[in-house]
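Undergrad: Here's a structure for you.
The values are calculated or read from the model by the stated rules, or taken from the named source; none is laboratory data. Just so we're clear, the structure is a prediction, and the values are computed from it rather than from any experiment. Counting neighbours? That spans all protein chains shown, and the Cβs are built from the backbone with ideal geometry, glycine included.
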Protein chains: 2
Amino acid sequence: MTTPHPLDQATTLVSTGERQATGRTHPAYANMAGPFGGATAATLLRAVLEDPACIGDPIALTVNFTGAIADGEFEVSWIEKRTGRTVQHWTVDLVQNGKVAATASVVCARRTETWEHRPAVMPDAPPAAEVAPLDLGARLGWLQRYVFRFVEGDPRFGEAAPETPLSARTLCWLSDLPERTLDFLSLAALSDAFIVRIIQVRGVRGPMGTITLTTYFHADAETLAANGARPILGVADSRVFNRGFADQEASLWSQDGVLLATSVQASFYRD
Amino acid sequence: MTTPHPLDQATTLVSTGERQATGRTHPAYANMAGPFGGATAATLLRAVLEDPACIGDPIALTVNFTGAIADGEFEVSWIEKRTGRTVQHWTVDLVQNGKVAATASVVCARRTETWEHRPAVMPDAPPAAEVAPLDLGARLGWLQRYVFRFVEGDPRFGEAAPETPLSARTLCWLSDLPERTLDFLSLAALSDAFIVRIIQVRGVRGPMGTITLTTYFHADAETLAANGARPILGVADSRVFNRGFADQEASLWSQDGVLLATSVQASFYRD
């Protein structure tokens, strides 16, 4: 008997009734306060994907982080809002101690064979094997769940804040640790695996955190499985830090150069 | 007495109870089937912004277009999911004939004075006054609600489909017609005012439509008002058209070079 991967443990839901279940935060994905947002996103997505009525692959996932999640149990409930011939819409709530701590909307679809066109080009980067993993020491739980091979824009943990803002761009090979074959759950989590941009641009200062995350999935399950456990290439950047709120855009590419997902997020920050 | 702007008419909600109201599609924003998605987005945003409990400016808006909206009345209801000190989360449903035709999540905030940084640079474009408006003839209602001054990537309505895919990029000055001082409602609608990318890339072929739209607002109400009714610069592009679904990313800039909003959307298409 093998122990499930920590991501599968962290996203496990135990049914408590019709489209409701109990989950539990997992220390392997601990963040500064509560769990890594990517693990929460994967948990809410899993609730939908494992529903017997789910019609197919996820196309879009929006997660709103409405409040801090404390270590321990939480309740998840989900609603099938509307199902068409090929597109299906769901909403999900995560409640802890009677308060909504996250909401999500999930769009799933039966993908069909159509004309295909992929104008986007993968950024240049040396092969993952030629990039040294970042030594994170004994940092936060979730940072230990990924091998980060930074090509550009590594976070400056523990360094003095820069005098002038640094670039918000990061280019990085990412893979699960321990290894795990890529699927929609891990891709959803990976779309949040870029350290909040303001840390890189300005150094660690006041409170900060993601408040909403939207991920679009641009590949089917077979394409993700074909990547196996090989690192995927991520690129993230920000365009604006204004009056307490910042953006982030990211894209994730397979070893074979396929754009697997794009995502945007908004985060808050204080001085 | 002056007649309200068509956008204000199209987004008017008449209260029918606690956080529920009736709206009505407006012929001025008619699209191929039902209303222009931007008008729907603005309507759902307006429900939240006019709620007495709303704490401040919108930061993020996600609208899922779950089904076709027929011309006529619809019901809108909204829920305050969680309110913190500075950030507030809402969800909204639009129901017509007993079916959910759209859902939304809205993040609002009390913006605070913080360090500010805007690394993004406005794309180069000639001044709006030097770009001729596109003559749209007697096209769909909503296309008549905007002055489109295309610098690059104008739609090829009525032309033969290109033999090889064209660029998905559009650069365009946009303004409301009739004129209207910019606010969050019009900015939400403008974030959906780029014609579905596949038309530009491939020509008009099978059915197509936006299924989910996320807009981030990067400026406060005063900054929007300062732009007045002057055109704003929009740039849109797509990265992937795969097995029935495509993406779009867009950004909208003020006359003064301020990034006002960024948005992403996913659309379906059939051959």
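Undergrad: Within the range A:30-72, work out how many residues are under 21 Å from A:Ser186 (Cβ atoms), in a loop (DSSP other than H, G, I, E, B) and not polar (S, T, N, Q).
TA: Qualifying residue count, the range A:30-72: 7.
Undergrad: How many residues does the range A:114-156 contain that are at negative phi and within 13 Å of chain B (Cβ to nearest Cβ)?
TA: Here is the first cut: in the range A:114-156, the ones at negative phi are A:114-136, A:138-152, A:154-156.
In the following step, the residues that additionally are within 13 Å of chain B (Cβ to nearest Cβ) were identified as A:114-123.
Number of matching residues: 10.
Undergrad: Another one. Take the range B:62-78 and flag every residue that is among the aromatic types (Phe, Trp, Tyr) and within 9 Å of B:Gln96 (Cα to Cα).
TA: Residue satisfying the conditions is B:Phe74 alone.
Undergrad: Mind listing whichever residues of the range A:203-218 are more than 22 Å from B:Leu252 (Cα to Cα) and more than 7 Å from chain B (Cβ to nearest Cβ)?
TA: At the first step, the residues of the range A:203-218 found to be more than 22 Å from B:Leu252 (Cα to Cα) are A:203-210, A:217-218.
Residues satisfying the conditions are A:Gly203, A:Val204, A:Arg205, A:Gly206, A:Pro207, A:Met208, A:Gly209, A:Thr210, A:Phe217.
Undergrad: Just to check your reading of the model, which residue among B:Leu213, B:Leu134 is free of Cβ contacts under 8 Å to residues at least 24 places away in the same chain and under 20 Å from the mean Cα position of the chain (by Cα)? Walk me through how you get there before you give the answer.
TA: Working: B:Leu213 fails: free of Cβ contacts under 8 Å to residues at least 24 places away in the same chain.
Exactly one residue qualifies, and that residue is B:Leu134.
Undergrad: Examine the range A:258-267 for a residue that is farther than 28 Å from B:Val258 by Cα, more than 14 Å from the chain's Cα centre (by Cα) and not acidic (Asp, Glu), and state whether such a residue exists.
TA: Yes: the range A:258-267 contains one or more residues that are farther than 28 Å from B:Val258 by Cα, more than 14 Å from the chain's Cα centre (by Cα) and not acidic (Asp, Glu).
Undergrad: What residue, of A:Glu179, A:Glu163, A:Glu159, is over 25 Å from B:Tyr216 (Cα atoms), away from chain B (no Cβ under 14 Å) and modelled with pLDDT under 95?
TA: Values: A:Glu179 fails: modelled with pLDDT under 95; A:Glu163 fails: away from chain B (no Cβ under 14 Å).
After applying the criteria, what remains is A:Glu159.
Undergrad: Mind telling me which of the residues A:Ala188, A:Ala168 ends up being more than 14 Å from every other protein chain (Cβ to nearest Cβ), surrounded by 24 or more Cβ atoms within 10 Å (Cβ to Cβ) and touching a Pro at 6+ places or on another chain (Cβ under 9 Å)?
TA: Working: A:Ala168 fails: more than 14 Å from every other protein chain (Cβ to nearest Cβ).
The unique qualifying residue is A:Ala188.
Undergrad: Could you say whether any residue in the range A:157-167 is of a type outside the set (Lys, Arg), on the phi > 0 side of the Ramachandran plot and out of contact with any Phe, Trp or Tyr (no Cβ under 8 Å at 6 or more places or on another chain)? Please lay out each step first, then the result.
TA: Residues of the range A:157-167 that are of a type outside the set (Lys, Arg), as a first pass: A:157-167.
Of the ones still in play, those that are also on the phi > 0 side of the Ramachandran plot are A:158.
This time we only want the ones that are out of contact with any Phe, Trp or Tyr (no Cβ under 8 Å at 6 or more places or on another chain), so: A:158.
Yes, the range A:157-167 has at least one match.
Undergrad: Just one of the numbered conditions (1) in contact with a strand residue (DSSP E or B) (Cβ under 9 Å, 6 or more places away or on another chain); (2) touching a residue at least 40 places away in the same chain (Cβ under 8 Å) is not true of B:Gly244; which one?
TA: (2)
Undergrad: Name the residues in the range B:87-108 that are at the interface with chain A (Cβ under 7 Å from one of its Cβ atoms) and more than 16 Å from B:Thr43 (Cα to Cα), would you?
TA: Taking the range B:87-108 as the starting set, the residues that turn out to be at the interface with chain A (Cβ under 7 Å from one of its Cβ atoms) are B:87, B:89, B:91, B:99-100, B:103, B:105, B:107.
B:Val87, B:His89, B:Lys99, listed by residue number.
Undergrad: Go through the range A:146-165 and count every residue that is among the β-branched types (Val, Ile, Thr) and out of contact with any Pro (no Cβ under 9 Å at 6 or more places or on another chain).
TA: Of all residues in the range A:146-165, those among the β-branched types (Val, Ile, Thr) come to A:147, A:151, A:164.
Going one step further and asking which of them are out of contact with any Pro (no Cβ under 9 Å at 6 or more places or on another chain), we end up with A:164.
Residues flagged as among the β-branched types (Val, Ile, Thr) and out of contact with any Pro (no Cβ under 9 Å at 6 or more places or on another chain) within the range A:146-165 amount to 1.
Undergrad: So which residues in the range B:14-27 are buried (at least 19 other Cβ atoms within 10 Å of the Cβ) and either without any contact (Cβ under 8 Å) to a residue 40 or more places away in the chain or within 18 Å of the chain's Cα centre (by Cα) (or both), if there are any at all?
TA: Keep residues of the range B:14-27 that are buried (at least 19 other Cβ atoms within 10 Å of the Cβ), which gives B:21, B:23, B:25-26.
B:Gly23, B:Thr25, B:His26, listed by residue number.
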